[in-house]
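See below for the structure under consideration.
The values are calculated or read from the model by the stated rules, or taken from the named source; none is laboratory data. Quick caveat, the model's predicted, so the values are computed rather than measured. Cβ placement follows ideal geometry from the backbone for every residue including glycine, while neighbour counts extend to all protein chains displayed.
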Amino acid sequence: MKFALIGYGKMGKTIEQVILEQHKGDEIVLKITDQNLAELTTENLKKADVAIEFSTPHSAIQNIYKCFDAGIPVVVGTTAWLDKLPEVKAKCAEKKGGLFFSPNFSIGVNIFWAVNKKLAAIMNTQAQYEICMEEIHHTEKLDVPSGTAIKTAEVVMTELKQKTEWKLENQEPRTKNQELNPAQLLIVAKREPNVPGTHTVRYESSVDCIEIKHEAKNRKGFAEGAVLAARWLVGKKGVFEMKDLLEIQL
């Protein structure tokens, strides 16, 4: 299989490593960095069977459309562009393209989401518990909170009906008279050196707490999931997510 890598930073290099480790016959025919953007052409993209896109939020949609124009499916790991998802889906249908997107390609994170959905359904009737979330990423992470944290909140809120919106928690100490909005699910976002990604969902009452955590050890889990998605996507038309590949309910 022939791959195009759009974005060749730390994540792109890890994806390359995974591709070359898995099948000796696979080939990376195009690697796009910020130094060779002129090479991201329809002609060059057509040399690939599938593209994997990990770039930046401001360039992701443009890159997706170039893949549609070239007639190759694209797996997108860039986050913070999903407010434009309806128009991207429309373009995918118009071009009869294939798009696979996820805020997190780790199989473990997707299992984490599925477990959180089940737990939130149970906790929906347990008003004595208050929920909060925390995410920790490396200091180079551009979006705050992360796409993974937002997706986690959205999954929880599909079942926990008393929460209707997420809110990024102010890191400043709360004043004595400042009250929490009970409809808001608070997300505490931290940035620390060399942290691939840690996400925690915590329910706390006056007598106990329940906590679910996913902690990535390195980037390889994300890369393996993205490559798995790319192999799965080839030959398919439409818009897909990890829940389709893993056949889980989210």
Problem - Selection count, region 193-222, where residues are closer than 28 Å to GLY7 by Cα and either part of a strand (DSSP E or B) or within 19 Å of the chain's Cα centre (by Cα) (or both) - result: 15
Exercise for the section: Go through GLY197, GLY235 for me and flag whichever is assigned by TED's automatic domain parsing to the domain that holds ASN124 and on the phi > 0 side of the Ramachandran plot. Expected result: GLY197
Exercise for the section: For region 223-243, name all the residues that are of a type outside the set (Lys, Arg), assigned to a helix (DSSP H, G or I) and farther than 21 Å from LYS117 by Cβ. Expected result: ALA223, GLU224, ALA226, VAL227, LEU228, ALA230, TRP232, LEU233
Handout entry: Among (1) surrounded by fewer than 20 Cβ atoms within 10 Å (Cβ to Cβ); (2) more than 17 Å from the chain's Cα centre (by Cα); (3) at pLDDT 95 or above, the one test that LEU185 misses
Key = (1)
Exercise for the section: Name the single residue, out of those in region 56-75 being among the β-branched types (Val, Ile, Thr) and assigned to a helix (DSSP H, G or I), that is surrounded by the fewest Cβ atoms within 10 Å (Cβ to Cβ). Expected result: ILE61
Practice task
State all residues of region 76-133 that are in a loop (DSSP other than H, G, I, E, B) and aromatic (Phe, Trp, Tyr); if no residue qualifies, say none.
Solution key: TRP81, PHE105, TYR129
Problem - Extreme residue, nearest to THR78 (Cα to Cα), among residues of region 103-116 that are surrounded by 19 or more Cβ atoms within 10 Å (Cβ to Cβ) and touching a Leu at 6+ places or on another chain (Cβ under 9 Å) - result: PRO103
Exercise for the section: Would you be able to say whether some residue in region 142-151 is out of contact with any helix residue (DSSP H, G or I) (no Cβ under 8 Å at 6 or more places or on another chain) and over 23 Å from LYS10 (Cα atoms)? Expected result: no
Exercise for the section: Determine which single condition MET123 fails, assuming it passes every other condition in (1) under 19 Å from ASN194 (Cα atoms); (2) buried (at least 17 other Cβ atoms within 10 Å of the Cβ). Expected result: (1)
Practice task
Filter region 1-42 down to residues that are within 14 Å of ALA70 (Cβ to Cβ), charged (D, E, K, R) and in contact (Cβ under 8 Å) with a residue 12 or more places away in the chain, then give me how many there are.
Solution key: 1
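Here's the yes/no breakdown for (1) over 21 Å from TYR8 (Cβ atoms); (2) modelled with pLDDT of 95 or more; (3) within 19 Å of the chain's Cα centre (by Cα):
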site: VAL50; (1), (2), (3): no, yes, yes
site: PHE100; (1), (2), (3): no, yes, yes
site: ASN104; (1), (2), (3): no, no, yes
site: ILE122; (1), (2), (3): yes, yes, no
